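Trainee: I'd like to ask some things about the structure below.
The values are calculated or read from the model by the stated rules, or taken from the named source; none is laboratory data. This structure is a prediction, so every number in the text was calculated from the model and none was measured. Ideal geometry is used to build each Cβ from the backbone, glycine not excepted, and the neighbour counts take in all protein chains shown. Surface accessibility is based on the protein's heavy atoms, side chains included, excluding ligands, DNA and RNA. Shrake-Rupley method; radii C 1.70, N 1.55, O 1.52, S 1.80 Å.
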Amino acid sequence: MKHKVSTLLYIIVLMVIAMGATSCSDPRTYDHYKSVSLQGWSRKDTLTFDIPRQWEGNYQLDLCLRAAQTYPYRNISMIIERKVIYYRQRKKREKSYNDTVNCEIINDKGILVGHKGITSTEIRQAITSFHLNRNDSMHVTIHHIMNRESLPGISNVGVRLIKE
């Protein structure tokens, strides 16, 4: 009986080691999408993302879009406002940054760029790289600055934070 228990314990330990060695190390620390209206993404609709506290390190912030062929333009222009919230000596401090991003949706041949999905394509574009200290968090807002009030063809907008 004792021999069976020790053999089972060895098998469990080997399985844990094998799973640990083959598991992926995904650098994403935050990856979240928000849906926009099917009638079109209105200029008034500001999308907000609250990124929780992070570990110290260098990070890259990416913009992610899911678009369909019904999008009426080749590009989309957006303003991304990010507010980094620092916690120092029990005091909360904030620093704001604004980025204007112009993202290509449809190429010269009239084909959606990005990774193809079933009904839409996913487009990912790097916004900026920066350093965060331990326990820093962020508040990100995104809105489009196109001439048209409502943009059809955009189904989801998201942000991705990657630790470099």
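Trainee: Please specify each residue of segment 56-84 satisfying the condition of being of a type outside the set (D, E) and under 14 Å from F130 (Cβ atoms).
Mentor: Scanning segment 56-84 gives G57, N58, Y59, Q60, L61, I80, R82, K83, V84.
Trainee: Take the residues of segment 120-164 that are open to solvent by less than 30 Å² (accessible area, probe 1.4 Å) and touching a His at 6+ places or on another chain (Cβ under 7 Å): which is farthest from L63 (Cα to Cα)?
Mentor: L151
Trainee: Condition (residue is under 25 Å from N133 (Cα atoms) and small (G, A, S)) applied to segment 35-54: is it met by at least one residue?
Mentor: no
Trainee: Next up: Kindly list the number of the only condition in (1) in contact with a strand residue (DSSP E or B) (Cβ under 6 Å, 6 or more places away or on another chain); (2) open to solvent by less than 60 Å² (accessible area, probe 1.4 Å); (3) farther than 30 Å from D136 by Cα; (4) not aliphatic (A, V, I, L, M) that fails for G110.
Mentor: (1)
Trainee: Tell me which residues, restricted to segment 2-53, are part of a loop (DSSP other than H, G, I, E, B), among the β-branched types (V, I, T) and either open to solvent by 60 Å² or more (accessible area, probe 1.4 Å) or modelled with pLDDT under 90 (or both).
Mentor: The one that is part of a loop (DSSP other than H, G, I, E, B), among the β-branched types (V, I, T) and either open to solvent by 60 Å² or more (accessible area, probe 1.4 Å) or modelled with pLDDT under 90 (or both): T46.
Trainee: Take G117 and decide whether it is of a type outside the set (D, E, K, R), surrounded by fewer than 19 Cβ atoms within 10 Å (Cβ to Cβ), in contact with a strand residue (DSSP E or B) (Cβ under 8 Å, 6 or more places away or on another chain) and modelled with pLDDT under 90.
Mentor: For G117, the condition - of a type outside the set (D, E, K, R), surrounded by fewer than 19 Cβ atoms within 10 Å (Cβ to Cβ), in contact with a strand residue (DSSP E or B) (Cβ under 8 Å, 6 or more places away or on another chain) and modelled with pLDDT under 90 - is met.
Trainee: Here are some conditions: (1) free of Cβ contacts under 8 Å to residues at least 12 places away in the same chain; (2) assigned to a strand (DSSP E or B). R124 meets all but one. Which one does it not meet?
Mentor: So the condition that R124 fails would be (1).
Trainee: Could you list, in sequence order, the residues of segment 61-85 that are open to solvent by 50 Å² or more (accessible area, probe 1.4 Å) and assigned to a strand (DSSP E or B)?
Mentor: R66, N75, E81, K83
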